[in-house]
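The values are calculated or read from the model by the stated rules, or taken from the named source; none is laboratory data. Quick caveat: nothing in here was measured; it's all calculated off a predicted structure. Every residue, glycine as well, gets a Cβ built from its backbone with ideal geometry; the counts of neighbours run over all protein chains shown.
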There are 4 protein chains.
Amino acid sequence: MHDIALIGAGRIGKIHAANLAANPRLRLTRVVDPFPDAAAAIAAHYDARVSTIEEALADPAIAGVVVASSTDTHLPYSLAAAEAGKAIFCEKPLDQDLAAARESAARFAALKARLFLAFNRRFDPNFAALQARLAGGAVGTLETLHIISHDPAPPPVDYVKISGGIFKDMVIHDFDMARWLLGEDVTEIFASASVLVDPAIGEAGDADTAKTILRTASGRLCVISSSRRSGYGYDQRIEAFGSKGMIRAQNQLETTVETWGENGAAADRFQNFFLDRYAVAYAREAEHFADILDGKTTPLVDFRDGVAALALAEAAARSARTGERVLL
Amino acid sequence: MHDIALIGAGRIGKIHAANLAANPRLRLTRVVDPFPDAAAAIAAHYDARVSTIEEALADPAIAGVVVASSTDTHLPYSLAAAEAGKAIFCEKPLDQDLAAARESAARFAALKARLFLAFNRRFDPNFAALQARLAGGAVGTLETLHIISHDPAPPPVDYVKISGGIFKDMVIHDFDMARWLLGEDVTEIFASASVLVDPAIGEAGDADTAKTILRTASGRLCVISSSRRSGYGYDQRIEAFGSKGMIRAQNQLETTVETWGENGAAADRFQNFFLDRYAVAYAREAEHFADILDGKTTPLVDFRDGVAALALAEAAARSARTGERVLL
Amino acid sequence: MHDIALIGAGRIGKIHAANLAANPRLRLTRVVDPFPDAAAAIAAHYDARVSTIEEALADPAIAGVVVASSTDTHLPYSLAAAEAGKAIFCEKPLDQDLAAARESAARFAALKARLFLAFNRRFDPNFAALQARLAGGAVGTLETLHIISHDPAPPPVDYVKISGGIFKDMVIHDFDMARWLLGEDVTEIFASASVLVDPAIGEAGDADTAKTILRTASGRLCVISSSRRSGYGYDQRIEAFGSKGMIRAQNQLETTVETWGENGAAADRFQNFFLDRYAVAYAREAEHFADILDGKTTPLVDFRDGVAALALAEAAARSARTGERVLL
Amino acid sequence: MHDIALIGAGRIGKIHAANLAANPRLRLTRVVDPFPDAAAAIAAHYDARVSTIEEALADPAIAGVVVASSTDTHLPYSLAAAEAGKAIFCEKPLDQDLAAARESAARFAALKARLFLAFNRRFDPNFAALQARLAGGAVGTLETLHIISHDPAPPPVDYVKISGGIFKDMVIHDFDMARWLLGEDVTEIFASASVLVDPAIGEAGDADTAKTILRTASGRLCVISSSRRSGYGYDQRIEAFGSKGMIRAQNQLETTVETWGENGAAADRFQNFFLDRYAVAYAREAEHFADILDGKTTPLVDFRDGVAALALAEAAARSARTGERVLL
């Protein structure tokens, strides 16, 4: 059993707390949050105690730290945890500032930090199966890739303003997926972004809809389709086109029930809330963290992956702004 | 080119006329119908002439006769055509009276009649592909079979009254499919029938809903599900369960278009009108008749098949009436 | 928190133990099994203690008893638990002997026993959604029902010999589903059963394949398709045909991944192990038991349901043996 | 009945000949081709006569001309037919040279030429249904569009060399679809193209794989995915994302047959040959031409559409070559 401290008692912190508690190899013992009530609620529920960050990092019993606090604290808290010799489970993104993230790289490397950057989609059973089969040659050599990631509904404009923009906040998931699946470095990127969903998002200086093309050195191509509001639910799909076929992951439905009427057959709703859609992925993240703590594996997604995804997000945002392809 | 006479200028006669005309090996030259206007309309359209049956059968140029007249005339007209040495393309069913059909058997046999009994489902590309793969061992040895055949809407009660009952009029298609796919003689039958769709059908002495179990000597089992009104369109499906898997034919949709909304994905309507659903099957029937006339093949469905299906229909009706299994 | 005793530390007992432990309203405190090692393993894992039945029933802290022992003990242990005033969560079937079950009815009734008979399919999210929508009128008035329940592979013949036969051991699940969905008492039953999978099952006096037709007073019809070995995985489907459409629950797939090759698109495997397929159902059973213990609800499936399903199983077995319809 | 002359007796010419012959409003009377044997074969089959272009255009009985000859003759033959006052059914593309096409525009306009440019996809029942529902508001306001068009196998390299390149030869279909569905002019285009299928295509100066982004003035975005060889068949799909949902057209399968085995369910092959996949579309083109000849409608796709698609193809090719977005 590894003792774990959780930093951040908000919505995503609660998810991680539940998965830590359910994992027989992990024990949540400390909860940190600027809002004492939020921390106290989780601590009480899981028999942990409310702490300051300093207390948590100073506790020699703590083996790992889950950083689920606000985005601007991901990097400093992760670094502090690394300095204290703790393994780190850090929510995405690493940071909104690529330069800052790059500056920290040497320090994390020097500390040989065990930092797991929790891009949940890599742990989704569907996408993980797709990746495994693709890597296993099920459709020959990968040529091109389509990633569709449309949210059911846009976040509040106040969130949009501090989000870092659609590419860093939302598409960053897909940049990580693209890197994972393409198996090669991205060398060029072009993005076209629009305000089609809500003018207020445009007034906030952001876009709500985008199509992005990534290109690798060998000429592999990846298209990412992004929307803050789909109109039909949470659309999370991948199609990987290879020399011998295509492999794809479809949306997850709430049930297998179909209704047949005069107008044809209707399937059930998509799983629309991201916490439902990725519930298994979050539990598998906790399991992966336990494996890291056990020394069984190294992080599937690490600091460099976080920096690389951020670099793509920044390049895409630049391309969308300038109308020019960006070389990486 | 084989000259063909069409007997019967009603709805199904028109379909056969169009397919005869479209087939480069067949030429519709004579049309017979008690209603001269109906015959004249088809004859004019396809450059044929209106005839009496006697004229058509006496014409040495006529190679084949399509019997698409009312059910009670199928047997006498087919027999007359056989006596005249013509090949016969006879609409289902052979007759409503099993005893009458059986009595004619010797005469048809003595004449070595080339009688093709046109059960359209055998010529449907989906069911034909299913049969071919099943026979080719795609799912090992056949064990059991499910046939679903639900009409979109019930016929008028006046038709029901002269239809011969649900088993002889409608389920007879499925008895033929069952015989074709089971590959063994049916030895037992049990049917349970209800009036659930329209009380007037019950008052007419018929049922509108039925489930039937067929059993062969080796213990293979077949379930047939029948309804005069589905509430969701024309449901024509088969599932064949074998020792190594299952093969099934699904419903045909009007297009491949899907609409995704908040409640999930909806496929397009089923092809609901039997003339649309089985359009290709009817064209293939004409092609098969041309093959028979060319001497390339013998009828895929012949007189004995027609008698056998009728025998099953009569047995099923008896079982439904008495509540007892009928041995064949 | 309700203290629970588990009787039976075998495969299904382990499942229930895990779900009891995961449920925040339940606490597994005692484990009973004739094999002390099996009981000890579970007890150690969940911080419970190994007990005799007498100890467990005598413990006033125990609020509920989970009976997951061998089938022949379901009835006596449930009765003993009822005498001790405990709520009961009893695995299916109630018993193999209909007469014995009926004899106990008065005693259970006199004790006002809170007995929950755990037919897992009622708690499957897919079947539960189907039932709710059907009951809500999504497809009008129910007319007929198809239940397909084919196992991936047959059990060992030694198990078959003591199983009570395919109808009491396996199809009993479907009899319960039929009763739940039909919404009316079954008045007639006809079954045809074969040995197609393994001759050894026939030599053991049982069948491995069956088709059964149930009929209600108003003429609703239900077909159940049963096989001990499908050849293609665990096939668990229901189609409910109503006056305004059809609603069905399809098989659950392991992932949403599809592979497209030259021969078309292939979906992923079915969830084939019943403990995977019904994992959520088992967790929901524990939740339902907690609701019963809290007094929030009465058992969704109770003693009378268990007797009724057993009566159908016995009637079906008789029909298959005699070839005659059985009236109930 | 309108008399029609066919220019071009190759593969696509044969298709059009068959559809002209099958259409009750059209009559194929003249066939023109530099290879007399090819022309003679079609003429003999449909009771037409072999002609020179001059003869065909001079024949006052000829109402329309189908131009299905080699691409470099589309424009001059169409112009000659227009000068002769004939209605024109011209195969795609209009020409490989945008400047040449633009130069002819004034002449075609002055002649008030009735030119129908036969982009077959617009007549596919699936895509046509998608367009009609989209235009009818089935998914609200269109925001973005995905068009996938992957061929089963690449053409011979000798064809590639004279094809005009992947954008003018193949993607031009999708540019026309995009224009049709977007409902707004395209103002920007970016394409990235690769040689992933066959190095010989690269040596011939062409690409075999491409992803293209189109953008309209209001910010609507369209992605086109192109491949000369899919590895899994003929992939022809469209997804249209609107403010209230998504509507898509899926691939057409050869039959509705599915095979279920241990690894899950497999659907049937895609319709892989374009003449099969678009058989109905070709017949509907002939029907549309008959409507034009009857004066019932104007061409759904006309000269300007042909020029516009060619302009997009040329811009896409330039973008792929330079790596820069092209403004239109």
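Please work out which residue is nearest to the chain's Cα centre (by Cα), limiting yourself to the range C:116-139 and to residues that are surrounded by 15 or more Cβ atoms within 10 Å (Cβ to Cβ) and either of a type in the set (A, V, I, L, M) or farther than 30 Å from C:S227 by Cβ (or both).
Filtering first and then ranking leaves C:A118.
Taking D:D302 and the conditions (1) within 14 Å of chain B (Cβ to nearest Cβ); (2) in contact (Cβ under 8 Å) with a residue 24 or more places away in the chain; (3) of a type in the set (D, E), which numbered condition does it fall short on, given that it satisfies the others?
For D:D302, the exception is condition (1).
Regarding C:I247, is this residue away from chain A (no Cβ under 11 Å), surrounded by 20 or more Cβ atoms within 10 Å (Cβ to Cβ) and of a type in the set (A, V, I, L, M)? First the steps, then the outcome.
Values: away from chain A (no Cβ under 11 Å): no; surrounded by 20 or more Cβ atoms within 10 Å (Cβ to Cβ): yes; of a type in the set (A, V, I, L, M): yes.
So C:I247 does not fit the description; no.
Is there a residue in the range A:175-184 that is of a type in the set (K, R), buried (at least 18 other Cβ atoms within 10 Å of the Cβ), at pLDDT 95 or above and within 28 Å of A:V65 (Cα to Cα)?
yes
Sort through A:R229, A:R269 and tell me the only one that's of a type in the set (K, R) and under 20 Å from the mean Cα position of the chain (by Cα).
Working: A:R269 fails: under 20 Å from the mean Cα position of the chain (by Cα).
Only one candidate qualifies: A:R229.
For A:G264, state whether it is buried (at least 21 other Cβ atoms within 10 Å of the Cβ), free of Cβ contacts under 8 Å to residues at least 40 places away in the same chain and under 27 Å from A:A193 (Cβ atoms).
no
Which members of the range D:228-240 meet the condition of being of a type in the set (F, W, Y) and more than 7 Å from every other protein chain (Cβ to nearest Cβ)?
In the first step, residues of the range D:228-240 are kept if they are of a type in the set (F, W, Y); the result is D:232, D:234.
Hit for the range D:228-240 is D:Y234, nothing else.
A quick yes/no check of all residues on (1) over 21 Å from the mean Cα position of the chain (by Cα); (2) closer than 21 Å to B:A320 by Cα:
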| site | (1), (2) |
| --- | --- |
| C:P154 | no, no |
| C:F175 | no, no |
| C:R179 | no, no |
| C:L221 | yes, yes |
| C:K244 | yes, no |
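With respect to B:F270, determine if the residue is within 30 Å of D:G242 (Cα to Cα) and among the aromatic types (F, W, Y).
yes
Under 6 Å by Cβ, and 6 or more places apart or on different chains, what pairs join a residue from the range C:131-147 that is at positive phi with one that is at pLDDT 95 or above?
Pairs that qualify, where the first residue is at positive phi and the partner is at pLDDT 95 or above, are C:G140/C:G242; C:G140/C:S243; C:G140/C:K244.
Name the residue that is farthest from the chain's Cα centre (by Cα), counting only residues in the range B:194-218 that are more than 17 Å from B:T322 (Cβ to Cβ) and of a type in the set (S, T, Y).
So the residue we want is B:S218.
Can you work out which of the residues in the range C:215-227 that are more than 9 Å from chain B (Cβ to nearest Cβ) and among the aliphatic types (A, V, I, L, M) is surrounded by the fewest Cβ atoms within 10 Å (Cβ to Cβ)?
Ranking the candidates gives C:A217 first.
Is it the case, given these coordinates, that D:D294 is farther than 30 Å from A:G202 by Cα, of a type in the set (D, E) and within 14 Å of chain A (Cβ to nearest Cβ)?
Considered against the rule, which asks whether it is farther than 30 Å from A:G202 by Cα, of a type in the set (D, E) and within 14 Å of chain A (Cβ to nearest Cβ), D:D294 comes out as no.
Criterion first (within 7 Å of another protein chain (Cβ to nearest Cβ) and under 19 Å from the mean Cα position of the chain (by Cα)) does D:Q252 satisfy it?
It is true that D:Q252 is within 7 Å of another protein chain (Cβ to nearest Cβ) and under 19 Å from the mean Cα position of the chain (by Cα).
Limited to the range D:119-167, what total is found for residues that are within 14 Å of another protein chain (Cβ to nearest Cβ) and assigned to a helix (DSSP H, G or I)?
Of the residues in that region, 14 qualify.
The conditions are (1) surrounded by 18 or more Cβ atoms within 10 Å (Cβ to Cβ); (2) within 27 Å of D:V257 (Cα to Cα); (3) more than 14 Å from chain A (Cβ to nearest Cβ); (4) within 22 Å of the chain's Cα centre (by Cα), and C:Y282 fails exactly one of them. Which is it?
(2)
In the range D:152-174, what residues are surrounded by fewer than 22 Cβ atoms within 10 Å (Cβ to Cβ), of a type in the set (D, E) and in contact (Cβ under 8 Å) with a residue 12 or more places away in the chain?
Selection gives D:D169 alone.
If a residue has to be over 11 Å from D:G264 (Cα atoms) and part of a strand (DSSP E or B) to count, how many in the range C:246-256 make the cut?
Total satisfying the criteria: 4.
Suppose the filter is assigned to a helix (DSSP H, G or I) and not aliphatic (A, V, I, L, M); does D:D268 pass it?
No; evaluated as a whole, the condition is false for this residue.
Please find, within the range B:185-214, the residue that is surrounded by the fewest Cβ atoms within 10 Å (Cβ to Cβ) out of those that are among the small types (G, A, S) and facing another protein chain (nearest Cβ under 9 Å).
Restricting to residues being among the small types (G, A, S) and facing another protein chain (nearest Cβ under 9 Å), the top hit is B:S194.
Would you list the strands (runs of 3 or more DSSP E) that sit entirely within the range D:185-239 and hold 2 or more residues that are without any contact (Cβ under 8 Å) to a residue 40 or more places away in the chain?
Hits in the range D:185-239: D:209-216.
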